Amino acid sequence: MKPNVLLLIIDSFRTDKFYGDKNISTPNIDYLINQGTYFSQTISAADATLLSWSSIFTGLYPFKTGIRSSSFNKLNSDISTLFKIFKTYDYNFYGYVPKIGDIIGLYPDFINDDSFYEPYKNLFEGNGKSLSNKIFETLENEAKEPWFFFVHLYDLHDPMIVPKSFNDEKFGTTTYEKQVSAIDNWIGQLIKKIDFKNTLLVLTADHGKYMKTLTSDKIHNFESNPQIQRALSKIGSNIPKILNPLKDKVFFSMESMSQKKKMNMIEKLHLNEHEKISLLSGRADIDHYLYDDNVRIPLLFTGYNVAKNKIISQQTRSIDIFPTISEITGVVLQGEHIDGQSLKPLIIDKLLEEKPAYIESNPLVMVDSNDVIGIRTSFYKYFRDVDDSRKRIHLYDLKNDSKETKNLANSMPEIVKKMELVLQEIRFNWNPSKIESNNEETKLIEDELKKLGYM
């Protein structure tokens, strides 16, 4: 019998808030790290959910999957996914995923009929019908072995509602930190229900998140009020479609007013570009960036066939998750061409070549955004305009400037040239015109993205 697999993706979970932050209470995550192998320098292929999913479950760079070209699309039907491969080994699939997952053609027919949930549903609301209870009930009473259980949690994505019992400074200074503590407590309940001798638990994130709080002489908090955000979202969803253009115009007007207000507040603070972008970031930002805030994610394997108490700092990538799960569980990838590589050699103390991580930003839905693509290694971060290699060039020395405060693009042209060659090699022969778009499907996807806050 093949082992069970529980893949838990926690939306917007930053690496620096996953492990080692003394402001946050994470005894259960710390326990899992002690019992497993943690990759502390994992890079997501994208800074948003849809493109990140496409890379995690195919092992491919997002631009190869067809999900994104000139518009958002369904997954190319000829692409193999983790689920297609695991189905040949008679795995039973269960899941709890945001509703947009039901549209993009990436996921299987989950056995539980409540697998796709509405935006903003979280673990802690709903009492007896909460998402938490549904997950536990399915895990304990319904899952037929061997099972693959995929859960995508939305609790760290704005707007966050912290449970009252964790809305205390002993669990963190910010709303985000308190919510991490609450999620850790829930993870403690989850792991009591898992037989780790026959189950592989994979805990990771789709992407990171900008921190809206700055601590200098005092705490400057730019976090939005989650109650207001949710109320506005509900109002917006009830407005007749004929009024959508007016609704969108009002939204961008409100975002502009909010940004101006924030700008006035931070003018007196001596901040670098990265800090300003972090504090001012919003759902309607035209200019996009690929700082580690948004692309560095936690990756933890615990349980079946995994070494204990091992922390690996070598750079790894989200496209490596699929082949790693496959090798650990004994699911053979025969003839599958993927960009990722299995990380099992590192788990068993063997050498593995460190590969550069390809990264890209997620476009806006309602307006054209200035998107970027790039490359990250353990030494340098490079990104530039998606269409023109001469525009919006950023280069950071990660060894000496881990906060990415000083753009060295002008002073280190040779490094820029080398990184650009790597980038061009990865994207060689890619032709977006080969991707067929379906206007009806595109509209469905974009409507769901709007509900999730991707404007």
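The values are calculated or read from the model by the stated rules, or taken from the named source; none is laboratory data. This is a predicted model, so every value here is computed, not measured. Quick reminder, even Gly has a Cβ in these numbers, built from the backbone with ideal geometry, and neighbours come from all protein chains shown.
Of all residues in segment 404-426, those that are among the charged types (D, E, K, R) and more than 28 Å from F63 (Cα to Cα) total 1. Scoring M211 on the criteria (1) of a type outside the set (F, W, Y); (2) buried (at least 21 other Cβ atoms within 10 Å of the Cβ); (3) within 17 Å of the chain's Cα centre (by Cα) leaves a single failure, condition (2).
Quick one: in segment 187-223, which of the residues that are closer than 20 Å to D47 by Cα and basic (K, R) is modelled with the highest pLDDT? Taking the candidates together, the pick is K209. Within segment 180-195, residues that are farther than 19 Å from W147 by Cβ reach partners that are buried (at least 19 other Cβ atoms within 10 Å of the Cβ) and of a type in the set (D, E, K, R) with beta carbons closer than 6 Å, at six or more positions or on different chains, in the pairs V180/K17; I183/D155.
Checking D184, D248 one by one, the residue that is part of a helix (DSSP H, G or I), surrounded by 15 or more Cβ atoms within 10 Å (Cβ to Cβ) and modelled with pLDDT under 70 is D248 and no other.
Taken residue by residue, segment 43-57 has no member that is buried (at least 20 other Cβ atoms within 10 Å of the Cβ) and under 19 Å from K193 (Cα atoms). Across segment 324-380, the qualifying residues are those that are on the phi < 0 side of the Ramachandran plot and among the acidic types (D, E), and the one among them that is surrounded by the most Cβ atoms within 10 Å (Cβ to Cβ) is E360. Filter segment 405-445 for residues that are in a helix (DSSP H, G or I), modelled with pLDDT of 95 or more and charged (D, E, K, R) and give the result. Selection gives E414, K417, K418, E420, E425. Counting only strands (runs of 3 or more DSSP E) that sit wholly inside segment 289-404, not one has at least 2 residues that are free of Cβ contacts under 8 Å to residues at least 12 places away in the same chain and of a type in the set (A, V, I, L, M).
For Y38, are the conditions met, namely being within 30 Å of K170 (Cβ to Cβ), of a type in the set (F, W, Y), surrounded by fewer than 21 Cβ atoms within 10 Å (Cβ to Cβ) and out of contact with any Cys (no Cβ under 8 Å at 6 or more places or on another chain)? No. Counted as qualifying within segment 21-108 are the helices (runs of 4 or more DSSP H) with 2 or more residues that are closer than 21 Å to Q315 by Cβ, within 19 Å of the chain's Cα centre (by Cα) and of a type in the set (G, A, S), namely 49-56. Just wondering, is there one or more residues in segment 103-110 that are touching a strand residue (DSSP E or B) at 6+ places or on another chain (Cβ under 6 Å) and surrounded by 13 or more Cβ atoms within 10 Å (Cβ to Cβ)? The answer is yes; a qualifying residue exists. Screening A284 on (1) in contact with a strand residue (DSSP E or B) (Cβ under 9 Å, 6 or more places away or on another chain); (2) of a type in the set (A, V, I, L, M, F, W, C); (3) part of a loop (DSSP other than H, G, I, E, B) shows it passes everything except condition (1). Residues that are surrounded by fewer than 23 Cβ atoms within 10 Å (Cβ to Cβ), over 21 Å from A205 (Cα atoms), among the polar types (S, T, N, Q) and touching a strand residue (DSSP E or B) at 6+ places or on another chain (Cβ under 8 Å) do not occur anywhere in segment 60-75.
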